[in-house]
Each structure stands twice: as structure tokens, then as C-alpha cells.
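Read the structure below first, then the notes.
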Ligand SMILES: Nc1nc2c(ncn2[C@@H]2O[C@H](COP(=O)(O)OP(=O)(O)O)[C@@H](O)[C@H]2O)c(=O)[nH]1
Ligand SMILES: [Mg+2]
């Protein structure tokens with residue numbers, strides 16, 4: 001988090017983490033498509049010829065909430081391949097919240113688990129608390145066959161503290177919800193630590209409504 005109190009500007013770092021090919025880049029592409037041109041920066045993606053993320057993607061978003069506060073979001077993805085382990089740790093430095101993008105396909109269960117375990121290790125190495133860090137779990141690719149059932153998702157949701165959000169990133173389904181529910185958790189977390197609501201006179205509800213409006217989000221794809 002960077003807070004420029006004089007300029008009333010809050011910059012947050014959000015990271016989309018997950019196994020290779022779970023749909024992290026697709027989430028950013030969908031967000032870029034759904035957000036008003038005035039509120040979004042350029043989507044930086046660095047890809048190899050095999051169409052896989054080489055280093056990271058970055059989508060900068062800016063939401064001006066009246067003249068009380070400007071919220072700037074830097075949304076990063078990590079590269080999924082095993083060789084980029086060190087890069088993933090570096091990208092997680094100073095993160096304010098994580099969206100863990102899991103692949104709903106049953107065959108991907110092990111990859112999801114390995115990526116999650118690895119992420120926890122990186123967070124610890126970066127001095128971040130795995131228990132306290134704002135996090136949402138996105139179960140992506142709900143349109144495919146042989147996926148974890150809705151029942152399993154409900155069970156997962158019941159036993160984890162993180163919100164569980166089903167999605168079809170390619171169609172923009174669940175993408176905005178993932179971003180906003182993460183932002184909500186991040187705001188509550190930072191408010192606890194820094195008293196943001198009192199400082200800026202912006203409640204959690206006002207923040208979400210304001211960001212949604214400022215981003216000019218069009219639902220669907
Ligand atoms: N069927 C389906 N395919 C998806 C979905 N989300 C992503 N994909 C596909 O999965 C592949 C990997 O997506 P990508 O975003 O590059 O994965 P990343 O490695 O996590 O960045 C691409 O071919 C996407 O089109 C989804 O919700 N449904
Ligand atoms: Mg990618």
C-alpha cells in the first residue's frame with residue numbers, strides 16, 4: 001500500500017496467483033474489457049510464443065471517488081511455470097491482497113494445491129501473514145466438463161475463511177465480483193491498521209459503490 005495523504009491517493013497492490021493456465025491472464029483481459037477506458041491503463045502482458053505468461057501481467061486501474069479519495073489498483077498476475085518460482089516470490093512482495101485463481105477441473109486439483117502451498121511459502125518468506133492476508137478463491141472454468149461440483153464449492157466455502165467465487169473468465173463471469181470482493185477485504189484490513197474510513201470519510205459500502213461507478217463496470221462480457 002502507498003498512501004499519499006495530501007494528494008488523497010491510495011495505491012493498492014493486488015496479485016492474481018495460481019497454477020499455470022488457470023486463467024489469471026484471462027481475468028485481467030476480461031477486466032480490461034469491462035472497465036471504462038477512462039479508468040484503465042494499458043494492460044501489460046509479456047508472453048512467450050506459446051502464449052504463456054513469461055514474466056507477469058499488470059493492469060493499472062484508477063477510481064476517483066468524488067474528491068475524497070483516488071484509489072489506484074495495480075493488478076498483477078504471476079507466471080505459472082515451475083521455472084518462474086523466484087519471480088512469483090518477488091511479485092508477492094508488498095501485496096495487499098491475493099486472488100487465488102484455481103482451475104475447477106478435477107484433473108487440476110493437485111496443481112491447485114501445489115500452487116497454493118507454494119504461495120503460502122512465498123508469503124511467509126516475504127514476512128506476510130498467510131492467516132491475515134486478504135484473499136479470495138476463484139474457481140475458474142465453470143463451463144468445462146469434469147469439474148468440481150457446485151456442492152464441493154459450497155463445502156469449500158464453508159470451511160475456508162476466504163470467499164469462494166465461481167467464474168468463467170473467458171466470458172467475464174465472476175471476474176468483477178472477484179476484484180470487488182478482494183478490494184472489500186483489503187479495505188477492511190487497511191482500515192483496521194490505518195483507520196482509512198475515518199481519515200477519508202469513506203465507508204466500506206461507499207468505497208465499493210464508488211469504485212464500481214468510477215470504473216464504469218459493465219457486467220457480462
Ligand atoms: N473454457 C475455459 N477456458 C478458460 C477459462 N479461463 C481461461 N481459459 C483458457 O485457459 C487457457 C489459459 O488461460 P491464461 O489466462 O493464459 O492462464 P494463466 O496461465 O493463468 O495466465 C487459455 O486458453 C484460456 O482461454 C474459462 O473460464 N473457461
Ligand atoms: Mg498468464
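The values are calculated or read from the model by the stated rules, or taken from the named source; none is laboratory data. Because the structure is predicted, anything quoted here is derived from the model rather than measured. Reconstructed Cβ throughout: ideal geometry from the backbone, glycine too, with neighbour counts over all protein chains shown.
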Q: Could you tell me whether residue 177 is assigned to a helix (DSSP H, G or I) and either in contact with a strand residue (DSSP E or B) (Cβ under 9 Å, 6 or more places away or on another chain) or at pLDDT 95 or above (or both)?
A: yes
Q) For region 87-135, how many residues meet the condition of being under 26 Å from residue 188 (Cα atoms) and in a strand (DSSP E or B)? A) 7
Q.
If residue 76 satisfies all but one of (1) within 16 Å of ligand 2 (Cβ to nearest atom); (2) touching a helix residue (DSSP H, G or I) at 6+ places or on another chain (Cβ under 9 Å); (3) over 20 Å from residue 121 (Cβ atoms); (4) assigned to a strand (DSSP E or B), what's the number of the condition it fails?
A. (3)
Q | Residue that is surrounded by fewer than 18 Cβ atoms within 10 Å (Cβ to Cβ) and at pLDDT below 95, where the choices are 130, 78 | A | 130
**Q.** Filter result (part of a strand (DSSP E or B) and under 12 Å from residue 70 (Cβ atoms)) within region 1-39
**A.** 2, 3, 4, 9, 10, 11, 12
Q: Within region 147-167, identify whether any single residue is part of a helix (DSSP H, G or I), within 16 Å of ligand 1 (Cβ to nearest atom) and out of contact with any strand residue (DSSP E or B) (no Cβ under 7 Å at 6 or more places or on another chain), and answer yes or no.
A: yes
Q) Is it true that some residue in region 33-46 is within 14 Å of ligand 2 (Cβ to nearest atom), surrounded by fewer than 23 Cβ atoms within 10 Å (Cβ to Cβ), more than 20 Å from residue 215 (Cβ to Cβ) and without any contact (Cβ under 8 Å) to a residue 24 or more places away in the chain? A) yes
